[in-house]
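Asker: This structure is in structure tokens; I'll ask about it shortly.
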Amino acid sequence: MASPLPRLRPELDIMPSPVASQPGLLLRDPFRYSEAVLVVPPVLARCLGCFDGEQTEADLREVLSRLTGQVSVTEPARHLVSALREAAFLDDEVFAERRAQRHVEFAAAPERAPAHAGSGYPAEAAPLASTLDGYLEQAPPRRPHGDDSLLGIAAPHVSPEGGIASYAAAYRGLPADLGERTFVILGTSHYGEPDRFGLTRKPFATPFGATTNDARVVSALARAAGPAAHLEDYCHAVEHSIECSTAWQ
């Protein structure tokens, strides 16, 4: 009996191709286990349902033959399987090896490299400073806080341009003399494990230089949380919710 095809990874980003000359579905990996970006043509895109962990390559050929009206579809079927496998888009041994490698690389890295600099915000210090200053100028002046016992601010975790008014209002509310204080940044994880929170001791690299991580606070949180905490959580490697906030710090 033929083995079923591996399941298509459910966490992939799948969207219509933005390139008019290449219609179909665009597939990419938000976890960046793979840097590949595939555009699957319309007919083959309709075959992706065969990658459910239950259907075989024979089932895939049958669907493709029915869609195209062609009898000989072995080569395009195999090409689709091969392309998805090589891109690490299937839940198979290729993906498992790629994922394990990425986790080891992140755990061993001395700092958390920026994942969205140059796309979500400027990658150079001077342009970023100018951009953020321009945002802050749009916010109303900071209101006095009485004894100035501000405990925290709430700001979005989108790219800076996507939340200008909210970012500016939030960070304009911070007193100017907090440079030596420890900031605890809480962000909604899009990629972490459910019912857990991710921590990292790594400093975050930013266009302004690397942050200074208070490892004692991180260790204390990890001890207090026990199994609920996940140290050196790989989701930090690609997550934007913390990165966008560090750029403001």
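Asker: Report, by residue number, each residue of segment 1-47 that is over 18 Å from the mean Cα position of the chain (by Cα), free of Cβ contacts under 8 Å to residues at least 12 places away in the same chain and part of a strand (DSSP E or B).
Answerer: Correct list: P16 only.
Asker: Can you find a residue that is at pLDDT 85 or above and within 27 Å of S34 (Cβ to Cβ) anywhere in segment 151-173?
Answerer: No: zero hits.
Asker: Are any of the residues in segment 71-83 within 27 Å of K202 (Cα to Cα) and more than 19 Å from the chain's Cα centre (by Cα)?
Answerer: For segment 71-83, residues within 27 Å of K202 (Cα to Cα) and more than 19 Å from the chain's Cα centre (by Cα): absent.
Asker: Within the set of pairs 6+ apart or on separate chains, which have a first residue in segment 131-145 that is closer than 12 Å to A170 by Cα, a second that is crowded, with 16+ Cβ neighbours inside 10 Å and modelled with pLDDT under 75, and C-beta atoms under 9 Å apart?
Answerer: Cβ pairs passing all conditions: Y135/P160.
Asker: How many of the residues in segment 54-68 are loosely packed, with under 13 Cβ neighbours inside 10 Å and in contact (Cβ under 8 Å) with a residue 40 or more places away in the chain?
Answerer: Residues in segment 54-68 being loosely packed, with under 13 Cβ neighbours inside 10 Å and in contact (Cβ under 8 Å) with a residue 40 or more places away in the chain: 2 in total.
Asker: Hey, can you tell me all the residues within segment 48-69 that are part of a loop (DSSP other than H, G, I, E, B), touching a Leu at 6+ places or on another chain (Cβ under 8 Å) and not small (G, A, S)?
Answerer: Result: F51, D52, Q55, T56.
Asker: Please work out which residue is modelled with the lowest pLDDT, limiting yourself to segment 183-210 and to residues that are of a type in the set (V, I, T) and crowded, with 18+ Cβ neighbours inside 10 Å.
Answerer: Among residues in segment 183-210 that are of a type in the set (V, I, T) and crowded, with 18+ Cβ neighbours inside 10 Å, the one modelled with the lowest pLDDT is T200.
Asker: Only one of (1) of a type outside the set (F, W, Y); (2) within 29 Å of P110 (Cβ to Cβ); (3) modelled with pLDDT of 85 or more fails for G134. Which number is that?
Answerer: It is condition (2) that G134 fails.
The values are calculated or read from the model by the stated rules, or taken from the named source; none is laboratory data. Values in this document were obtained by computation on a predicted structure and should not be read as measured data. Note that we place each Cβ from the backbone using ideal geometry, even for glycine, and neighbour counts take in every protein chain shown.
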